[in-house]
1. Of all residues in the range 72-98, count the ones that are of a type in the set (A, V, I, L, M) and open to solvent by 80 Å² or more (accessible area, probe 1.4 Å).
2. Of the numbered conditions (1) more than 13 Å from the ligand (Cβ to nearest atom); (2) open to solvent by less than 70 Å² (accessible area, probe 1.4 Å); (3) closer than 28 Å to Pro152 by Cα, Gly67 fails exactly one; give the number of that condition.
3. Just one of the numbered conditions (1) more than 30 Å from Gly5 (Cβ to Cβ); (2) under 18 Å from the mean Cα position of the chain (by Cα) is not true of Lys148; which one?
4. Working carefully through the options Arg134, Arg177, find the one that is within 16 Å of the ligand (Cβ to nearest atom), more than 26 Å from Glu102 (Cβ to Cβ), of a type outside the set (A, V, I, L, M) and open to solvent by 60 Å² or more (accessible area, probe 1.4 Å).
5. Quick check on Asp30: is it within 12 Å of the ligand (Cβ to nearest atom), of a type in the set (D, E, K, R), within 16 Å of the chain's Cα centre (by Cα) and assigned to a loop (DSSP other than H, G, I, E, B)?
6. Specify which of the listed residues (Glu140, Glu109) is assigned to a helix (DSSP H, G or I), acidic (Asp, Glu), farther than 27 Å from Val47 by Cβ and touching a residue at least 12 places away in the same chain (Cβ under 8 Å).
7. Only one of (1) in a loop (DSSP other than H, G, I, E, B); (2) hydrophobic (A, V, I, L, M, F, W, C); (3) within 12 Å of the ligand (Cβ to nearest atom) is not met by Ile74, so which one is it?
8. Do any residues in the range 82-97 that are under 20 Å from Glu191 (Cβ atoms) have Cβ atoms under 7 Å from those of residues that are of a type in the set (Val, Ile, Thr), where the two are at least six apart or on different chains, and which pairs are they?
Amino acid sequence: MDRSGIFAGEDPFALARAWLAEAEKTEPNDPNAIALATVDPEGLPNVRMVLLKEIEADAFVFYTNYGSTKGQEIDSSGKAAFVMHWKTLRRQIRVRGLVSREEGAQADEYFASRSLKSRLGAWASQQSQPLSSREALMAEAAKVAVTKGPNPPRPPHWGGFRIRPVEIEFWADGAFRLHDRFRWSRVSVGENWLVQRLNP
Ligand SMILES: Cc1cc2nc3c(=O)[nH]c(=O)nc-3n(C[C@H](O)[C@H](O)[C@H](O)COP(=O)(O)O)c2cc1C
């Protein structure tokens, strides 16, 4: 297959890491931002931005509140998709896959690396639940600062989700709208990848 240059290599996770490293040099903000799609029990899609924190050997990891809308939708469907788009590079990566929680040592370690304010915020915010006022949130943050102290543990309702892809597609802008697209797909997680060039 005529796959070379920015698309070279067999490992889609290595390719995603390489593209993100390029975007880190050019994007003004949040090069690791992904638009994360989930579905509710009726199949109605939902999408919002989150920050991609790890690209592992076979998975993508982000962190959130398990009680949030996305947390509940993922826990019930076990599936998600995301897209990353870099305006500066004119490229996107699309991912679809199966999701499981990361709520062990890795989540503890990442939580511990966050600023104290962020750690307390994770305790204070009942993400996606109605909130009477900003003052109520501030009061809750002040309260947990006292009750949790200077070294708060990871809340049980907060942690990672690990997306194990069955599809990863790389797209790059080409001349005359003849963009390049390559899709890695596999029947299920753990199987071999099939790589195909797609029509733009
Ligand atoms: C650039 C950006 C990055 C964000 N990163 C995260 C994140 O890593 N985790 C998170 O829970 N919410 C993040 N948010 C907030 C989410 O978009 C969303 O408002 C929140 O998670 C609630 O979504 P839900 O009600 O669908 O669960 C981010 C928002 C933006 C704009």
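1. 1
2. Only one criterion in (1) more than 13 Å from the ligand (Cβ to nearest atom); (2) open to solvent by less than 70 Å² (accessible area, probe 1.4 Å); (3) closer than 28 Å to Pro152 by Cα is unmet by Gly67, namely (1).
3. Of everything listed in (1) more than 30 Å from Gly5 (Cβ to Cβ); (2) under 18 Å from the mean Cα position of the chain (by Cα), Lys148 misses just condition (2).
4. Working: Arg177 fails: within 16 Å of the ligand (Cβ to nearest atom).
Exactly one residue qualifies, and that residue is Arg134.
5. Yes; evaluated as a whole, the condition is true for this residue.
6. Of the residues listed, the single one that is assigned to a helix (DSSP H, G or I), acidic (Asp, Glu), farther than 27 Å from Val47 by Cβ and touching a residue at least 12 places away in the same chain (Cβ under 8 Å) is Glu140.
7. If we test Ile74 against (1) in a loop (DSSP other than H, G, I, E, B); (2) hydrophobic (A, V, I, L, M, F, W, C); (3) within 12 Å of the ligand (Cβ to nearest atom), just (1) comes out false.
8. Arg94/Val83; Val95/Ile163; Val95/Ile168; Arg96/Val166; Gly97/Ile163; Gly97/Val166
The values are calculated or read from the model by the stated rules, or taken from the named source; none is laboratory data. The structure displayed is predicted, hence computed values, not measured ones. With ideal geometry, Cβ positions are generated from the backbone for all residues, glycine too; neighbour counts draw on all protein chains shown. Quick note on the areas: whole protein, heavy atoms, side chains included, nothing else; ligands and nucleic acids left out. Shrake-Rupley method; radii C 1.70, N 1.55, O 1.52, S 1.80 Å.
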